[in-house]
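Every number here is computed from the coordinates shown, using simple stated rules; none is lab data. Please read all numbers here as calculations on a predicted model, not as lab measurements. A quick note on method: Cβ atoms are made from the backbone with ideal geometry, for glycine too, and the neighbour counts reach across all protein chains shown.
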Amino acid sequence: MRSVPWKMPLLGGYYLLSLPYRRWQMRRWCAEDRAPIVVLFYHRVADVDPVPWTIGTRRFAHQMEWLQERFDMVTLEEVQRRLREGNSRPAAHITFDDGYAENCEFAIPFLVERGIPCTYFVTLRNVTHQVPFPHDVKLGKQFPVNTMLELRNMADAGVEIGAHTRTHADLGKVKRRESLYDEIARAGEELEQLLGRDVRYFAFPFGLKTNIPREGFTIAREFGYRAVVSAYGGYNFPGDDPFHIQRVHGDPEMPRFQNAVSFDPRKMRVSRIEHDWECEAPAEPPKSHNDTADLHSQARPGASGVLPSQTMDSSAFESPLCGIGVSTSPNRSP
Ligand SMILES: [Zn+2]
C-alpha cells in the first residue's frame, strides 16, 4: 500500500500523543510478564526500481537501529518460548518472505553484523528454477531470486531459512489436499534436503485470513513445522498459540512503522485464527522429519534468545554469489 502524504503527519501526531499511554501500558504488561511481541515481515530491501514491497537500504537500517535500541531482538524460537512462558521485556523478530537476491547485498549482511536474528522464508521453485516471482512479473519486473548457495551461506551465518510453498500459490484457493500437502510439506522437505538442514517454520503466501485454509494449518502441524506465520497484522501475547505467529508489515514509512511496532491500541483488536487442536505447543520441538543432522539447531541461541554475535558469521557472505560482504553504509548500491 502506498502512503498518502497528508496521512503521515497525522499518524505521527497520533503516535506521539498516544506514546505516554503506550509506555504506561507496556510497563504494566512487563510487570505482569505478559508483554506482547511484534514480528515484522519484509520482502525486498533495495534502492532501485521500488515496488510496493520494497524498502530502501537507508530506511531499513534506520528501522533496525531504532528497534535494536528499544527491543530485545530475538529468534523465532525465543518468540515461541516467551509466548509459552511469559515475557517481561519489549521484544521483536524480523522476517523476510519470498527470497529476493538483492537482500544479500545489504539487508542480510547488515543484520548478521549486528547480531539481529531473522527468519527468511523462500519459495522453492523460484529458487531452484531461478525464475522471478509472479507478483513481480505482473508489474513487468524480473527481480533476481536467491540461489541455493546464497541460502546455505545465510544459514551458515545464523539466518533461519523457512519455507514459503513451492509456487507461491494462494493456498486459500487450493482445493485439493494433495496440492496443499505438496505446497506446504513436500516443498519444505525438498528445501531441507537442498539446504542440508532442518526447515522449521512456514509462512503462508499473502498471509491474510482468506489465504490461510484450516487444512493448511493441520498439514503444517502434522508435517512437523514448529510454527506457521501469517501476515494480516496483530501482535503475539504470552498465552497465545505459539504454533501460529502473527506478523505486521515492516512499512517503509517511519511514522507507520513506529506506530505499528509500538503496539497501536487500535490494532489490539485483531482476532487470531482459531484452531481445532489444543493450543499448547509441545515443550520440546517435534521430532525432526529430516535425517540430516540438525546443524541449524546447533547454531541457535541459548536461553536468552538473543543470537550471540559469534553465531552470526559474516564471512559466509564473502562467496562470489552472495556476496559482497558486510557494508555499514546503507547507501551502497546493490
Ligand atoms: Zn510471499
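Assorted remarks:
- Ranked list, fewest to most other Cβ atoms within 10 Å of each Cβ, for K175, K7: K175, K7
- In sequence order, calculated HN-Hα J values of segment 87-96 (Karplus, 6.51, -1.76, 1.60; Hz; x Gly/Pro): 9, 10, 9, x, 9, 9, 9, 10, 10, 10
- Each Lys and Arg contributes +1 and each Asp and Glu -1, all at the Cβ; summed about the Cα centre of segment 7-152, the dipole is approximately 600 debye.
- Of the residues R152, R197, R28, the one with the fewest other Cβ atoms within 10 Å heads the list, and the complete ranking is R28, R152, R197.
- Each Cα pair under 8 Å and six or more residues apart adds its sequence gap; the mean of these over the residue count of segment 1-98 is a relative contact order of 37 percent.
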